[in-house]
Amino acid sequence: MSEFKMPTEIVELPSKGLLYPESNPLSSGKIEMKYMTAKEEDILSSTNLIKKGVVLDKLFESIIVDNVNPKDIIIGDKNAILLATRVLGYGPEYDFSFYSSKTGDYINVNMDLTQVKTKDVDLSQFNNKNEFEYITPHGKNKIVFKILTHGDENDIDKEVEALKKLNKDLSSDVTTRLRYMIKSVEGNTDRGFINKWVYNAFLAKDTKAFRKHVKEISPDMDLTFQFTSQITGETEALDIPFGINFFYPSA
(Lines give C-alpha, C1' and ligand atoms only; values in the text may rest on other atoms or scores of the structure.)
Protein backbone atom coordinates (compact mmCIF):
# COMPACT_ATOMS: atom_id res chain seq x y z
CA MET A 1 0.00 0.00 0.00
CA SER A 2 1.31 3.46 -0.93
CA GLU A 3 2.54 5.58 1.98
CA PHE A 4 1.07 8.73 0.42
CA LYS A 5 -2.47 9.19 -0.86
CA MET A 6 -2.38 11.86 -3.55
CA PRO A 7 -5.43 14.11 -4.03
CA THR A 8 -7.13 13.73 -7.40
CA GLU A 9 -9.63 15.61 -9.56
CA ILE A 10 -12.12 14.47 -12.17
CA VAL A 11 -11.73 16.44 -15.43
CA GLU A 12 -14.57 16.70 -17.95
CA LEU A 13 -13.43 16.07 -21.54
CA PRO A 14 -14.65 18.45 -24.29
CA SER A 15 -15.55 15.41 -26.44
CA LYS A 16 -17.78 13.99 -23.66
CA GLY A 17 -16.10 10.70 -24.63
CA LEU A 18 -18.17 10.48 -27.81
CA LEU A 19 -15.20 10.04 -30.17
CA TYR A 20 -13.90 6.93 -28.43
CA PRO A 21 -15.10 3.32 -28.71
CA GLU A 22 -17.28 2.29 -25.78
CA SER A 23 -14.55 -0.19 -24.75
CA ASN A 24 -12.13 2.73 -24.18
CA PRO A 25 -12.18 4.23 -20.64
CA LEU A 26 -12.10 7.68 -22.28
CA SER A 27 -15.65 7.05 -23.55
CA SER A 28 -16.88 7.96 -20.06
CA GLY A 29 -16.21 11.59 -20.97
CA LYS A 30 -14.19 12.08 -17.80
CA ILE A 31 -10.67 11.41 -16.65
CA GLU A 32 -9.23 11.22 -13.15
CA MET A 33 -5.94 13.05 -12.58
CA LYS A 34 -3.67 13.50 -9.60
CA TYR A 35 -2.07 16.77 -8.64
CA MET A 36 1.42 17.53 -9.94
CA THR A 37 4.40 17.01 -7.63
CA ALA A 38 8.15 17.50 -7.93
CA LYS A 39 8.19 14.22 -9.87
CA GLU A 40 6.17 15.80 -12.71
CA GLU A 41 8.42 18.87 -12.68
CA ASP A 42 11.36 16.54 -13.30
CA ILE A 43 9.49 15.06 -16.27
CA LEU A 44 8.66 18.48 -17.76
CA SER A 45 12.23 19.72 -17.40
CA SER A 46 13.86 16.58 -18.84
CA THR A 47 15.84 17.65 -21.91
CA ASN A 48 16.09 14.02 -22.99
CA LEU A 49 12.31 13.47 -22.91
CA ILE A 50 11.73 16.76 -24.74
CA LYS A 51 14.20 15.81 -27.48
CA LYS A 52 12.56 12.40 -27.88
CA GLY A 53 9.13 14.06 -28.14
CA VAL A 54 7.66 11.94 -25.36
CA VAL A 55 7.55 14.46 -22.52
CA LEU A 56 3.74 14.76 -22.62
CA ASP A 57 3.35 10.98 -22.84
CA LYS A 58 5.41 10.65 -19.65
CA LEU A 59 3.50 13.49 -17.98
CA PHE A 60 0.15 11.90 -18.83
CA GLU A 61 1.34 8.49 -17.62
CA SER A 62 2.32 10.11 -14.33
CA ILE A 63 -0.77 12.22 -13.61
CA ILE A 64 -3.61 10.19 -15.14
CA VAL A 65 -5.10 7.76 -12.65
CA ASP A 66 -7.33 5.94 -15.15
CA ASN A 67 -5.88 3.15 -17.27
CA VAL A 68 -5.82 4.92 -20.64
CA ASN A 69 -3.33 5.13 -23.49
CA PRO A 70 -2.21 8.79 -23.85
CA LYS A 71 -1.81 8.27 -27.60
CA ASP A 72 -5.58 7.72 -27.94
CA ILE A 73 -6.48 11.14 -26.55
CA ILE A 74 -7.81 13.54 -29.19
CA ILE A 75 -6.14 16.96 -29.32
CA GLY A 76 -9.06 18.89 -27.81
CA ASP A 77 -9.23 16.55 -24.82
CA LYS A 78 -5.45 16.76 -24.46
CA ASN A 79 -5.74 20.55 -24.24
CA ALA A 80 -8.32 20.21 -21.46
CA ILE A 81 -6.00 17.87 -19.55
CA LEU A 82 -3.05 20.27 -19.98
CA LEU A 83 -5.11 23.20 -18.72
CA ALA A 84 -6.32 21.22 -15.70
CA THR A 85 -2.78 20.01 -14.98
CA ARG A 86 -1.46 23.58 -15.05
CA VAL A 87 -4.26 24.91 -12.80
CA LEU A 88 -3.94 22.04 -10.31
CA GLY A 89 -0.16 22.32 -10.31
CA TYR A 90 0.44 26.06 -10.15
CA GLY A 91 -2.92 27.76 -9.83
CA PRO A 92 -5.05 29.63 -12.38
CA GLU A 93 -2.93 32.75 -12.88
CA TYR A 94 -0.96 32.74 -16.13
CA ASP A 95 1.39 35.58 -17.04
CA PHE A 96 2.57 35.82 -20.63
CA SER A 97 3.36 38.35 -23.33
CA PHE A 98 2.33 38.57 -26.97
CA TYR A 99 3.08 40.77 -29.94
CA SER A 100 0.17 43.08 -30.79
CA SER A 101 -0.22 43.96 -34.46
CA LYS A 102 -2.43 46.86 -33.38
CA THR A 103 0.18 48.57 -31.20
CA GLY A 104 3.34 47.17 -32.80
CA ASP A 105 4.68 46.20 -29.39
CA TYR A 106 4.74 43.34 -26.89
CA ILE A 107 1.94 43.35 -24.32
CA ASN A 108 2.03 41.67 -20.90
CA VAL A 109 -1.12 39.80 -19.88
CA ASN A 110 -2.26 38.25 -16.59
CA MET A 111 -4.93 35.63 -17.29
CA ASP A 112 -7.20 33.49 -15.14
CA LEU A 113 -7.11 30.03 -16.75
CA THR A 114 -10.32 28.98 -14.99
CA GLN A 115 -12.11 31.39 -17.35
CA VAL A 116 -11.23 29.21 -20.37
CA LYS A 117 -14.45 27.54 -21.50
CA THR A 118 -15.23 24.47 -23.58
CA LYS A 119 -15.79 25.26 -27.24
CA ASP A 120 -19.36 25.00 -28.55
CA VAL A 121 -19.70 22.07 -30.96
CA ASP A 122 -22.57 19.90 -32.15
CA LEU A 123 -22.10 16.71 -30.11
CA SER A 124 -25.01 14.96 -31.89
CA GLN A 125 -22.67 14.18 -34.82
CA PHE A 126 -20.51 11.90 -32.65
CA ASN A 127 -21.34 8.21 -32.09
CA ASN A 128 -18.30 6.70 -30.34
CA LYS A 129 -16.39 6.56 -33.59
CA ASN A 130 -13.66 8.92 -34.74
CA GLU A 131 -14.70 8.87 -38.39
CA PHE A 132 -16.47 11.55 -40.45
CA GLU A 133 -17.46 12.22 -44.06
CA TYR A 134 -16.81 15.40 -46.02
CA ILE A 135 -17.48 16.44 -49.62
CA THR A 136 -14.95 18.94 -50.93
CA PRO A 137 -16.82 22.05 -52.16
CA HIS A 138 -14.92 22.48 -55.45
CA GLY A 139 -13.51 19.06 -56.42
CA LYS A 140 -16.64 17.28 -55.10
CA ASN A 141 -14.49 14.48 -53.67
CA LYS A 142 -15.89 12.33 -50.86
CA ILE A 143 -13.39 12.16 -47.99
CA VAL A 144 -13.56 10.05 -44.84
CA PHE A 145 -11.38 11.56 -42.11
CA LYS A 146 -10.61 11.43 -38.40
CA ILE A 147 -9.81 14.03 -35.76
CA LEU A 148 -6.13 13.82 -34.83
CA THR A 149 -4.98 12.32 -31.54
CA HIS A 150 -1.99 13.01 -29.32
CA GLY A 151 -0.30 9.94 -30.81
CA ASP A 152 -0.92 11.24 -34.34
CA GLU A 153 0.66 14.58 -33.45
CA ASN A 154 3.77 12.84 -32.12
CA ASP A 155 4.09 10.82 -35.33
CA ILE A 156 3.47 13.89 -37.49
CA ASP A 157 6.17 15.88 -35.68
CA LYS A 158 8.69 13.06 -36.20
CA GLU A 159 7.80 12.69 -39.89
CA VAL A 160 7.93 16.44 -40.54
CA GLU A 161 11.33 16.64 -38.85
CA ALA A 162 12.65 13.73 -40.92
CA LEU A 163 11.36 15.27 -44.16
CA LYS A 164 12.91 18.60 -43.21
CA LYS A 165 16.33 16.95 -43.03
CA LEU A 166 15.84 15.63 -46.57
CA ASN A 167 14.70 18.97 -47.96
CA LYS A 168 15.43 21.98 -45.76
CA ASP A 169 13.75 24.39 -48.18
CA LEU A 170 10.35 22.68 -48.17
CA SER A 171 7.84 22.53 -45.31
CA SER A 172 5.66 19.41 -45.25
CA ASP A 173 3.54 20.24 -42.20
CA VAL A 174 0.25 20.86 -44.07
CA THR A 175 0.40 17.80 -46.34
CA THR A 176 1.57 15.50 -43.53
CA ARG A 177 -1.31 16.52 -41.27
CA LEU A 178 -3.79 16.05 -44.10
CA ARG A 179 -2.43 12.58 -44.87
CA TYR A 180 -2.81 11.53 -41.24
CA MET A 181 -6.37 12.85 -41.05
CA ILE A 182 -7.72 11.35 -44.28
CA LYS A 183 -8.73 7.68 -44.10
CA SER A 184 -10.19 7.32 -47.60
CA VAL A 185 -10.89 9.28 -50.80
CA GLU A 186 -13.85 8.20 -52.93
CA GLY A 187 -13.87 4.93 -51.00
CA ASN A 188 -10.19 4.20 -51.69
CA THR A 189 -8.34 3.43 -48.44
CA ASP A 190 -4.92 2.66 -49.99
CA ARG A 191 -2.34 4.84 -48.23
CA GLY A 192 -0.24 5.26 -51.37
CA PHE A 193 -3.27 6.50 -53.31
CA ILE A 194 -4.30 8.90 -50.51
CA ASN A 195 -0.78 10.32 -50.25
CA LYS A 196 -0.58 10.95 -54.00
CA TRP A 197 -4.07 12.47 -54.02
CA VAL A 198 -3.18 14.89 -51.21
CA TYR A 199 0.00 15.99 -52.99
CA ASN A 200 -1.34 16.20 -56.54
CA ALA A 201 -5.13 16.52 -56.54
CA PHE A 202 -6.30 18.12 -53.29
CA LEU A 203 -7.11 21.66 -54.47
CA ALA A 204 -5.76 24.44 -52.26
CA LYS A 205 -9.21 26.05 -51.94
CA ASP A 206 -10.59 22.67 -50.86
CA THR A 207 -7.84 22.08 -48.29
CA LYS A 208 -8.62 25.46 -46.75
CA ALA A 209 -12.34 24.65 -46.54
CA PHE A 210 -11.60 21.16 -45.18
CA ARG A 211 -9.29 22.41 -42.42
CA LYS A 212 -11.87 25.02 -41.42
CA HIS A 213 -14.55 22.31 -41.25
CA VAL A 214 -12.36 20.04 -39.10
CA LYS A 215 -11.61 22.90 -36.72
CA GLU A 216 -15.31 23.77 -36.42
CA ILE A 217 -16.46 20.24 -35.54
CA SER A 218 -13.54 19.30 -33.28
CA PRO A 219 -14.31 19.26 -29.53
CA ASP A 220 -11.80 21.46 -27.72
CA MET A 221 -11.29 24.23 -25.22
CA ASP A 222 -11.79 27.78 -26.50
CA LEU A 223 -8.10 28.67 -26.47
CA THR A 224 -8.56 32.30 -27.46
CA PHE A 225 -8.88 35.43 -25.39
CA GLN A 226 -10.12 38.91 -26.19
CA PHE A 227 -7.58 41.67 -25.60
CA THR A 228 -8.62 45.31 -25.70
CA SER A 229 -5.80 47.82 -26.02
CA GLN A 230 -5.94 50.69 -23.53
CA ILE A 231 -4.06 52.76 -26.10
CA THR A 232 -6.07 52.20 -29.29
CA GLY A 233 -9.31 50.85 -27.82
CA GLU A 234 -9.24 48.08 -30.43
CA THR A 235 -9.98 44.43 -29.53
CA GLU A 236 -8.00 41.44 -30.81
CA ALA A 237 -8.90 37.75 -30.62
CA LEU A 238 -5.64 35.99 -29.76
CA ASP A 239 -4.51 32.44 -29.03
CA ILE A 240 -3.38 31.50 -25.54
CA PRO A 241 0.30 30.52 -25.87
CA PHE A 242 1.07 26.91 -24.94
CA GLY A 243 4.84 27.28 -24.85
CA ILE A 244 7.31 25.95 -22.27
CA ASN A 245 6.43 28.81 -19.90
CA PHE A 246 2.89 27.45 -19.63
CA PHE A 247 4.18 25.00 -17.00
CA TYR A 248 6.81 27.29 -15.54
CA PRO A 249 5.16 30.43 -14.16
CA SER A 250 7.50 33.12 -12.94
CA ALA A 251 8.03 33.14 -9.18
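The values are calculated or read from the model by the stated rules, or taken from the named source; none is laboratory data. Please read these numbers as outputs of a predicted model, since none were measured by experiment. Note that each Cβ is placed from the backbone with ideal geometry, even for glycine, and that neighbours are counted across all protein chains shown. Surface areas here come from the heavy atoms of the whole protein model, side chains and all, with no ligands, DNA or RNA. Shrake-Rupley method; radii C 1.70, N 1.55, O 1.52, S 1.80 Å.
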Karplus-derived 3J(HN,Hα), 6.51/-1.76/1.60, for each residue of region 179-186, Hz, glycine and proline x: 5, 6, 6, 7, 9, 7, 10, 6
For labels at residue 95 and residue 163 in the simple 7 Å Cα→Cβ model, what's the distance in nm? 4.0
Considering the Cα positions of the chain, please state its Rg to one decimal place and its Dmax as a whole number of Å. 20.0, 62
Pairs to check: 58/196; 102/142; 119/183; 5/129; 5/30. Give those whose C-alpha atoms are more than 32 Å from each other in this structure. 58/196; 102/142; 5/129
May I ask for log10 I(q)/I(0) of region 8-157 at q = 0.11, 0.12, 0.13 Å⁻¹, from a Debye sum over the Cα atoms as equal point scatterers with solvent left out? -0.55, -0.64, -0.74
Positive-end extreme of charge dipole, region 56-204 - chosen from 98, 116, 199 (charges on Cβ): 199
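D for region 98-246, whole µm²/s, Stokes-Einstein with Kirkwood Rh over alpha-carbon pairs at 4 °C and 1.567 mPa s: what number? Please list the in-between numbers first.
On the way: Rh = 18.3 Å.
This corresponds to a translational diffusion coefficient of 71 µm²/s.
Out of all Cα-Cα pairs in region 111-171, roughly what percent, to the nearest whole number, are more than 17 Å apart? Write out the running numbers ahead of the final one.
Working: 1250 of 1830 pairs.
Within region 111-171, distances greater than 17 Å cover 68 percent of Cα pairs.
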With θ set to phi - 60°, apply the Karplus curve 6.51 cos²θ - 1.76 cosθ + 1.60 along region 86-98 and write out the HN-Hα couplings as whole Hz, x wherever there is a Gly or Pro. 5, 5, 5, x, 10, x, x, 6, 9, 9, 8, 10, 9
For the chain, what does the relative contact order come out to in percent, with C-alpha contacts under 8 Å and a separation of six or more? 20
Subtracting the Cα-Cα distance of residue 212 and residue 239 from 0.36 nm times their residue separation yields 8.1 nm
Heavy-atom accessible area per residue, the chain, 1.4 Å probe: how many Å²? 58
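Let's test the formula: R0 of 41 Å, r as the Cβ-Cβ distance of residue 193 and residue 222. What FRET efficiency results, to the nearest 0.05?
Details: r = 37 Å, r/R0 = 0.90.
With R0 = 41 Å, the Cβ-Cβ based efficiency is 0.65.
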Return an integer: the convex hull volume of the alpha-carbon atoms of region 25-90, in Å³ per residue. 82
Net charge dipole size for the chain [Lys, Arg +1 and Asp, Glu -1 on Cβ; Debye, nearest 20]: 960
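Roll a 1.4 angstrom probe over the protein heavy atoms and tell me the percent of accessible area of region 106-157 that is carbon or sulfur.
Numbers: 1240 of 2910 Å².
The computed percentage sits at 43.
What is the packing order of peptides 106-114, 51-59, taking the mean over residues of other C-beta atoms within 10 Å and listing the highest first? Please list the in-between numbers first.
Working: 106-114: 12.2, 51-59: 16.3.
The packing order, highest mean first, is 51-59, 106-114.
Which length gain, in nm to one decimal place, applies between residue 47 and residue 23 when the Cα-Cα distance is subtracted from 0.36 nm times their residue separation? Write out the running numbers ahead of the final one.
Numbers: separation 24, 0.36 × 24 = 8.64 nm, distance 3.54 nm.
Length difference between fully extended and current span is 5.1 nm.
Quick one: order 129, 142 from most to least accessible surface, probe 1.4 Å. The partial results should precede the final answer.
On the way: 129 105, 142 80 Å².
Heavy-atom accessible area, descending, gives 129, 142.
How high is the relative contact order of region 102-251, in percent, with contacts defined as C-alpha pairs under 8 Å that are six or more residues apart?
On the way: 134 pairs, mean separation 40.3, N = 150.
Over region 102-251, the number comes to 27 percent.
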Name the residue, out of 124, 218, 171, whose mean-square fluctuation peaks in a Gaussian network model built on the chain with Cα pairs under 10 Å. 124
